[in-house]
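The values are calculated or read from the model by the stated rules, or taken from the named source; none is laboratory data. Here the structure is a predicted model, which means the values were calculated and not measured. For neighbour counting, all protein chains shown are included, and Cβ atoms are generated from backbone atoms with ideal geometry for every residue, glycine included. Heads up: the accessible areas ignore ligands, DNA and RNA and are worked out on the full protein's heavy atoms, side chains in. Shrake-Rupley method; radii C 1.70, N 1.55, O 1.52, S 1.80 Å.
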Amino acid sequence: MTQTYTDIDLSFDELVRACGGGADWVVQLIEEEVISINGSPAQARYSSLHLARIRRAGRNLSRESLITSL
């Protein structure tokens, strides 16, 4: 039996909601090249890889903030 893999296809607004951050934060991550896109952030389409990288960046930044506040 062959399994078919279908990736997700998110708009910018859907990506922002899914990652739990703000739009400005996501744009900043794009500008810092945490994820690569074609075109403007509002017009680009986003995959599960984009979502995973943004979520990972958020966790890493949260850990760094916690460590520096100690």
Open item on the list: Condition first: more than 11 Å from the chain's Cα centre (by Cα) and either aliphatic (A, V, I, L, M) or closer than 18 Å to Asp7 by Cα (or both). Now tell me which residues in segment 38-54 satisfy that.
Closed with: Asn38, Ala42, Ala44, Arg45
TODO: Return a yes/no flag: does segment 19-36 have any residue that is open to solvent by 100 Å² or more (accessible area, probe 1.4 Å), in a loop (DSSP other than H, G, I, E, B), of a type in the set (A, V, I, L, M, F, W, C) and modelled with pLDDT under 95.
DONE: no
Task: In segment 1-16, residue surrounded by the most Cβ atoms within 10 Å (Cβ to Cβ) [restricted to those that are at pLDDT below 95 and within 22 Å of Arg59 (Cβ to Cβ)] - done: Ile8
Task: All positions within segment 37-51 that are open to solvent by less than 20 Å² (accessible area, probe 1.4 Å) and either of a type in the set (Lys, Arg) or part of a loop (DSSP other than H, G, I, E, B) (or both) - done: Ala44
